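Peer 1: Below is the structure I would like to discuss, written out as structure tokens.
The values are calculated or read from the model by the stated rules, or taken from the named source; none is laboratory data. Model, not experiment: these values are computed from the prediction. Cβ sites come from the backbone with ideal geometry, for glycine too, and all protein chains shown count toward neighbours. These accessible areas exclude ligands, DNA and RNA; they are computed on the full protein's heavy atoms, side chains included. Shrake-Rupley method; radii C 1.70, N 1.55, O 1.52, S 1.80 Å.
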Amino acid sequence: MAKTTKSKTTVKTTTTRKPRAAAKPASKPRVPKDTAKLIAKQAADYALEKKATHIKLLDVRSITPITDFFIICSASSDLQVKAIAENVIVKMREEKGMSPWKSEGWDSLQWVIIDFVDFVVHVFRDTAREFYHLERLWADAPMEAVEDKPAPAKRRVKKA
């Protein structure tokens with residue numbers, strides 16, 4: 001009888017690996033809940049510095065997990081929308097050390113959204129605000145108006 005030898009063959013199989021997904025950006029550290037409202041009010045004051053009108057601070061903590069507060073304000077022109085939004089970003093960065101996580105709407109300047117994670121600033125052109133009416137959409141949220149505080153009256157001294 002003849003002896004047959006089986007040869008061992010090695011078959012290498014190559015598998016295609018999926019490319020790794022891009023790493024998610026590190027989330028911004030959140031501010032403690034008690035200070036979030038104070039910082040949001042400060043951002044509203046920065047909008048007020050550039051003559052934003054009809055400023056509302058909405059507390060949406062009990063309604064949505066996406067953020068804690070919305071600041072909604074209006075402007076009468078594209079240029080004013082840009083000035084308000086830029087002032088909020090610059091002042092928050094310089095005075096509070098906070099940069100926005102994301103901002104959108106710079107192309108049309110009808111509705112600029114600035115997301116600071118704990119609060120979101122919405123700067124509307126008057127007509128866009130009337131159209132979208134966010135206050136009605138978030139009507140369940142406690143709402144607070146932010147207004148310009150009048151300068152204290154100077155006392156006049158009567159001369160005798």
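Residue-by-condition table, conditions (1) touching a Ser or Thr at 6+ places or on another chain (Cβ under 6 Å); (2) open to solvent by 80 Å² or more (accessible area, probe 1.4 Å); (3) modelled with pLDDT of 95 or more:
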| site | (1), (2), (3) |
| --- | --- |
| Ile114 | yes, no, yes |
| Asp118 | no, no, no |
| Arg125 | no, no, yes |
| Tyr132 | no, yes, no |
| Leu137 | no, yes, no |
| Pro142 | no, no, no |
| Pro150 | no, yes, no |
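Peer 1: I need the full set of residues from region 58-80 which are under 12 Å from Asp126 (Cβ atoms) and among the hydroxyl-bearing types (Ser, Thr, Tyr), in order please.
Peer 2: Across region 58-80, the qualifying residues are Ser74, Ser76, Ser77.
Peer 1: Here's another thing I want to ask about it. From the list Lys91, Lys96, Lys56, exactly one residue is closer than 18 Å to Lys37 by Cβ, touching a residue at least 60 places away in the same chain (Cβ under 8 Å) and of a type in the set (Lys, Arg). Which is it? Step through it out loud before you land on a result.
Peer 2: Numbers: Lys91 fails: touching a residue at least 60 places away in the same chain (Cβ under 8 Å); Lys96 fails: touching a residue at least 60 places away in the same chain (Cβ under 8 Å).
Criteria check complete, one pass: Lys56.
Peer 1: Only one residue in Lys91, Lys51 is of a type outside the set (A, V, I, L, M, F, W, C), on the phi < 0 side of the Ramachandran plot and either open to solvent by 20 Å² or more (accessible area, probe 1.4 Å) or touching a Cys at 6+ places or on another chain (Cβ under 8 Å) (or both), so which one is that? Write out each step before concluding.
Peer 2: Values: Lys51 fails: on the phi < 0 side of the Ramachandran plot.
The match here is Lys91.
Peer 1: State yes or no: is Ser62 touching a helix residue (DSSP H, G or I) at 6+ places or on another chain (Cβ under 9 Å) and surrounded by fewer than 18 Cβ atoms within 10 Å (Cβ to Cβ)?
Peer 2: Numbers: touching a helix residue (DSSP H, G or I) at 6+ places or on another chain (Cβ under 9 Å): no; surrounded by fewer than 18 Cβ atoms within 10 Å (Cβ to Cβ): yes.
So Ser62 fails the test.
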